[in-house]
1. Taking the alpha-carbon centroid of each part, what is the distance from segment A:98-162 to segment C:34-81 in angstrom?
2. Could you work out [θ]222 nm for chain B from helices alone, using -39500 (n - 2.57) per DSSP H run of at least four and dividing by all its residues? Round to the nearest 500 deg cm²/dmol.
3. Which lysines have a Cα less than 26 Å from the Cα of A:LYS62, not counting those fewer than 8 places away in the same chain?
4. Leaving out same-chain residues fewer than 8 places away, which lysines sit with a Cα under 21 Å from that of B:LYS138?
5. What is the Cα convex hull volume of segment B:1-100 when expressed per residue in Å³?
6. Work out from phi, with θ = phi - 60° and the Karplus expression 6.51 cos²θ - 1.76 cosθ + 1.60, the ³J(HN,Hα) of each residue of segment B:225-232, listed in order in whole Hz, and give x for Gly and Pro.
7. Measure of size requested: the Rg and Dmax of chain A, with Cα atoms as the atom set and Å as the unit; please supply both.
8. Mind listing the long-range amide H neighbours of B:ASP107? Cut-off is under 5 Å, sequence gap 5 or more, other chains count too, H placed in the peptide plane at 1.01 Å from N.
Amino acid sequence: MSILLDKDTTFIVQGITGREAVNLTRECLDYGSKIVGGVTPGRKGREVHGVPVFDTVGQAVKHHGGPIDGSVVTVPPAFTKDAVLEAIENGIKLIVIVTERIPRGDVAEMVELAEMRGARIIGPNCLGLIVPEVCKMGGIGGPAKDAAKAYQPGRVGVMSRSGGMTTEISSSLTAAGLGVSTAVSIGGDAIIGSTYAELMPYFEADEQTEAIVIYTEPGGRMEAQLAEWVKDNNSRLPIVAFMAGKFMDDDEMKGMSFGHAGTIVEGKEDTATEKISRLEAAGIRVVERIDEIPDVVKEKIGATA
Amino acid sequence: MRFYEFEARKIVELAGIPVTKYGFCTSAEEARKVAEEIGGPVVIKSQVLTGGRMKAGGVKFADTPDEAARHAEEILKLEINGHMPRGVLVDPKAEVKQEYYASVVWDGTAKKPLMLFSDMGGIDIEEVAETHPDHVGKGHVSNLLPVGDFEAKQVVAATGVTGSQLNRATPILARLARLFRDNDMTLAEINPLAELSDGSFVALDAHMEMEAEAVGRQKKLLRKELQIAEDDTRETYEPSDFEKNVGAIDAADHRGVIQGKDHGFTGNLGLVIGAGGGSLTLTDAVRNQGGQPANYSEIGGNPSVAKACGLAKEVLEKDGVEKIAVMMSIVSNTRVDIVARGVIKACLELGKDPGETIAIFRIPGAWEEEGFKILDKYGVEYCDRSVSMWEAAGRAVAKIQGAPA
Amino acid sequence: MAETLNKVFIDVEVDDSIRNDAALAAKLEEVCPVDIFKDAGGTVEIVAENCDECVLCKLCIEAAPADTVHVKKLYDGTELS
């Protein structure tokens with residue numbers, strides 16, 4: 001059916017009165033998402049596109065009259081940790097952190113508390129997640145009518161370190177008639193709430209999902225972790241990967257940082273080439289161009305059908 | 001952000017870890033004085049942000065203060081791997097009984113700091129981990145709970161170290177873990193951690209790196225204790241004017257993010273591209289189709305018109321740039337119309353015709369219809385999502401190489 | 001050398017009838033996310049350098065009496081309503 005979100009999911013927006021949050025709130029409401037409140041300390045009583053604003057998460061929960069499922073956090077980096085801890089300690093189980101440039105130590109603290117409390121964090125530095133025609137949490141896909149162009153319900157789960165590429169990949173799957181079950185922009189930082197391997201069990205348990213497409217870059221061990229997970233769990237889901245940033249293998253580019261905070265080329269281990277062989281060894285097909293993805297997915301779904 | 005050895009020593013000292021009676025000197029005379037105070041054989045070490053100091057002659061021993069002054073004089077003028085020293089460290093020559101290794105790094109998979117300890121210090125830890133794994137102890141610390149001494153003790157004991165050595169090494173490793181967390185480090189390493197002939201432990205060399213995102217909140221350590229100037233960023237390479245200018249525009253406006261890099265790029269096609277993943281993909285696509293980028297860039301988040309304009313102007317003003325390609329992966333929170341306004345304004349403000357100067361505009365997504373209206377008005381060639389990033393890059397390359405539009 | 005251009009894409013004007021409405025001046029300054037409106041001691045002032053930053057959110061139009069705030073899209077000749 002989908003992962004993490006369904007038609008009944010309720011959520012709040014923390015930092016709702018900010019420039020980006022005002023925009024994102026409008027988009028999610030137009031998409032049909034159930035935003036039940038917003039939090040900006042000091043602005044209780046205001047409204048953003050009809051959504052009531054509160055000083056605290058607790059007030060929003062009380063007003064809702066029961067547990068709230070999620071929160072989209074757009075609070076600036078110096079205050080994000082406090083906002084996320086507040087959400088977790090007020091019973092929120094799914095937290096999407098849009099904010100970027102949060103110090104790693106803060107992210108690690110949030111992630112550890114989430115784990116202790118049975119909550120899940122997506123991000124930070126991400127665009128959120130979307131279940132086509134059901135719910136969107138975050139700026140992913142943009143305004144409702146733009147999101148509808150790229151995201152049609154279907155059979156493929158999408159995970160991407162890059163927000164924009166989540167939509168680009170999903171758009172190619174939609175155009176090819178495959179559609180998307182759930183798409184998750186997992187965030188570009190060195191430490192994130194949910195890696196590919198950590199989300200795989202959800203997709204594995206989702207009947208609607210028949211294949212996975214991931215977008216990846218050099219740097220970090222997330223792809224290696226995914227390859228290990230696939231082998232250890234005998235996954236039923238064929239996976240196709242697109243990797244960008246191969247130009248960084250060139251000598252004159254070494255030592256510079258490109259793309260997301262987590263993408264720093266530090267010797268052969270983490271280069272695009274090494275990663276590609278590691279993925280292919282686990283049966284994950286790596287493609288050179290985005291437009292190749294749908295055909296390879298069709299081939300792989302056909303093979304396991 | 002990287003630190004010099006003399007700064008790293010100060011950092012560990014502030015954390016309560018024993019250091020030698022070292023002196024940081026910027027002249028031969030200062031070196032002489034420190035050597036006199038130490039009153040014995042010393043080591044003079046160049047303070048540069050690069051390795052290979054020993055090989056290049058940047059580390060010398062001296063038996064007398066005069067000799068110390070002479071070595072300091074030479075080393076202060078010695079360039080190592082393109083770096084000139086900030087100064088020299090004058091260290092008492094230690095009588096070492098044994099060398100250990102202690103560090104704390106991030107484990108991105110476990111999402112926790114990881115303590116590392118070995119009783120085979122002084123050499124490459126990666127090699128030791130491979131050849132003598134039972135001589136390397138590892139242990140994570142929580143991000144939330146205070147670091148307990150016992151956690152460090154467990155890691156040290158795992159290497160077989162016991163007795164008074166265990167009791168001396170334990171608090172040092174624990175304090176290293178605490179300073180790693182408190183000071184937002186991405187690497188905190190002491191190699192070697194030396195056991196001296198009198199049984200005391202001392203950090204003979206230290207290596208620290210702080211996360212760039214955290215620099216803004218570590219003012220006390222950076223500005224007060226270490227007296228590092230705000231513009232002293234210690235980049236791995238010297239940013240070009242283009243990179244600095246784009247950085248300044250980005251810093252001055254909190255709306256959206258822009259970045260520009262041109263190290264290693266010498267082409268004629270300016271790239272105004274995004275977002276992070278899109279930029280990587282598009283740069284690959286341009287190069288793989290024979291194009292010559294003049295730069296790399298990233299537009300992310302929801303930039304203001306001024307920010308988009310600022311980036312485009314900087315790219316257009318680079319030597320040799322004839323046209324720019326404005327391309328992104330499908331955007332959700334970046335507004336197509338805002339970027340269109342920005343890049344067109346850049347052309348207008350530089351007295352250039354947007355239609356001629358922008359080789360292709362390919363940004364599908366949020367507010368694209370509004371964007372298309374603006375692009376139509378100014379005669380800019382654009383394409384929608386039905387044209388892949390690969391194809392759009394190809395069109396830009398074809399255009400700049402003179403193919404008919 | 002390069003010059004800075006204003007009001008290339010968007011022009012914002014307010015009718016004289018509301019220009020000196022102090023409460024409205026304060027409200028417009030508060031709601032606009034890109035600081036196009038300034039409350040100049042109880043008078044509505046338009047900040048020319050910020051007009052091209054307009055995000056077409058219409059919060060200003062919603063805050064003011066009908067047809068008193070004019071947000072003009074210079075690239076297609078229409079007005080926001």
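All of the numbers you see were taken from the coordinates with simple rules; none came from a lab. This structure is a prediction, so every number in the text was calculated from the model and none was measured. Neighbour counts are summed over all protein chains in view; Cβ atoms, including those assigned to glycine, are modelled from backbone coordinates with ideal geometry.
1. 33 Å
2. Value at 222 nm, helices only: -11000 deg cm²/dmol.
3. Straight-line reach from A:LYS62, under 26 Å: A:LYS7, A:LYS34, A:LYS44, A:LYS81, A:LYS93, A:LYS136.
4. Qualifying lysines at Cα under 21 Å: B:LYS111, B:LYS112, B:LYS153.
5. 111 Å³
6. Coupling constants for segment B:225-232: 6, 9, 6, 9, 5, 4, 8, 8 Hz.
7. 18.9, 59
8. Here B:LYS112, B:LEU114 satisfy the definition.
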